[in-house]
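Have a look at this one before I ask anything.
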Amino acid sequence: MKPLLHLLTGCTAVGKTDTALRWAEANGAEIVSCDSQLFYRGMDLGTAKPSVAERARVPHHMIDVLGVTEPMDVARYTELARRTVNDLIARGRKVLVVGGSGFYLKSFLGPVADEVKVEPDLRAAVNAMGSEAALAELRRLNPAGLGTLDANNPRRVTRALERCRASGLTLAELAMRFAALPAPFADCEVRLTRLDRAPADLERRIGCRVQAMLAAGLVDEVQRLRAAGLAQNPSAARAIGYREVLEMLAGRSAPAALAGEIARNTRALVKKQRTWFRTQLPVHRVVLLGEGDRGDGLEDLFER
């Protein structure tokens, strides 16, 4: 039999942490984080990172593995996660992967990185083009269209253009070649469950979460991280909660507007996450949590 990997996902503030802890405790599992911001030491409050007490209840992996200035990408994540999963399986522990970062989740379901190498000079040339020129050039190189690429996301447009120029292939050709690559976890059976809540319940939870983060000292946390070089890592600096505080500290927004900005951007993220999960992930099961539900009575979370 193939080793079984349990994946638990859901949008921000849906209640993944409580549910994961209860299921892991009941089933002798250890948790492998699949959240792109939990990698970083010091990014605690803005990410709603599991507390020290929660991590004492169940062993967690892939949390606090990087300094705030260090980059992480899906290929590196997959290498580290594969090593962790192998260790857990060898020790006879169940594996519970938890997180809402879609591209990292997909590393458990299929290939994650191709062999296209982008030289620094090419990357610099594409970055110097500007977003509108880059998009126009990408369309020229892909006369049949851009497929599912988000053309409104400048970072994804520039990355796509880099890969097309470096390989001499269209996005469709690159996608075909990518799909033929071996999946990192092809030797495992994967069951993916997504948590969800009613919109009004999730809205309430987002508001409570933002207020709790600010009350616990999010602004002070961001000030410490800024001094440690947070701005050197664009991915971390753009994380919701951090980017709004950075804007405020730079004098570009008012302190009184901070909570509202974080909540508004969190709601926008949740909307994107829901669409992405629904269209991009082969979900095994969807579990709708009720108001006040903290994950009790979900022993069959991954059962067919």
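Note the full-extension length gain between Arg278 and Ala179 as 0.36 nm times their separation in residues minus their Cα-Cα distance, in nm to one decimal.
My answer for the length gained is 33.6 nm.
Check cross-link reach from Lys117 to the lysines: straight Cα distance under 29 Å, and skip same-chain residues fewer than eight apart.
Within the straight-line cut-off, Lys117 pairs with Lys106.
If I stretch the segment between Lys117 and Glu54 completely, what's the gain in nm (0.36 nm per residue apart, minus their alpha carbon distance), one decimal?
18.6 nm
If Lys and Arg each add +1 and Asp and Glu each add -1, what is the summed charge of the other residues whose beta carbon sits under 12 Å from the beta carbon of Gln211?
Net charge in that neighbourhood comes out at +3.
Which of the lysines could be linked to Lys49 by a straight reach, that is with a Cα gap under 17 Å, when you skip same-chain ones fewer than 8 residues away?
Partners found: Lys16.
Using the basic label-point model (7 angstrom from Cα toward the beta carbon), what is the Ala26 to Asn86 distance in nanometres?
3.3
Nearest 500 deg cm²/dmol is fine: what mean residue ellipticity at 222 nm does the chain get from its DSSP H runs of n ≥ 4 alone, each adding -39,500 (n - 2.57), divided by its residue count?
-14500 deg cm²/dmol
Are there trypsin sites (Lys or Arg not before Pro) in the stretch 192-252 that DSSP puts in a loop and that have at most 10 other Cβ atoms within 10 Å, and which ones?
Arg252
Of the chymotrypsin sites (Phe, Trp or Tyr not before Pro) in the stretch 89-135, which ones lie in a loop per DSSP and count no more than 15 other C-beta atoms within 10 Å?
Here no loop site has a sparse enough neighbourhood.
If the cut-off is a Cα-Cα distance under 13 Å, which aspartates and glutamates reach Lys94, setting aside same-chain residues fewer than 8 apart in sequence?
Output for Lys94: Glu25, Glu30, Glu189.
Determine, from the Cβ-Cβ distance of Asn152 and Ser253 and an R0 of 30 Å, the FRET efficiency 1/(1 + (r/R0)^6), rounded to the nearest 0.05.
0.85
Now a separate question. Which loop trypsin sites (Lys or Arg not before Pro) in the stretch 89-132, with loop taken from DSSP, have no more than 13 other Cβ atoms within 10 angstrom of their Cβ?
Answer in residue order: Arg91, Lys117.
Multiply the residue gap between Ala268 and Arg140 by 0.36 nm, knock off their C-alpha separation, and tell me the result in nm, one decimal place.
Here the segment from Ala268 to Arg140 would lengthen by 43.0 nm.
The numbers here are math on the coordinates, done by the rules we state, and not lab data. Keep in mind that this is a model prediction, so the values were computed, not measured. All Cβ positions, even for glycine, are placed from backbone atoms using ideal geometry, and neighbour counts span all protein chains on display.
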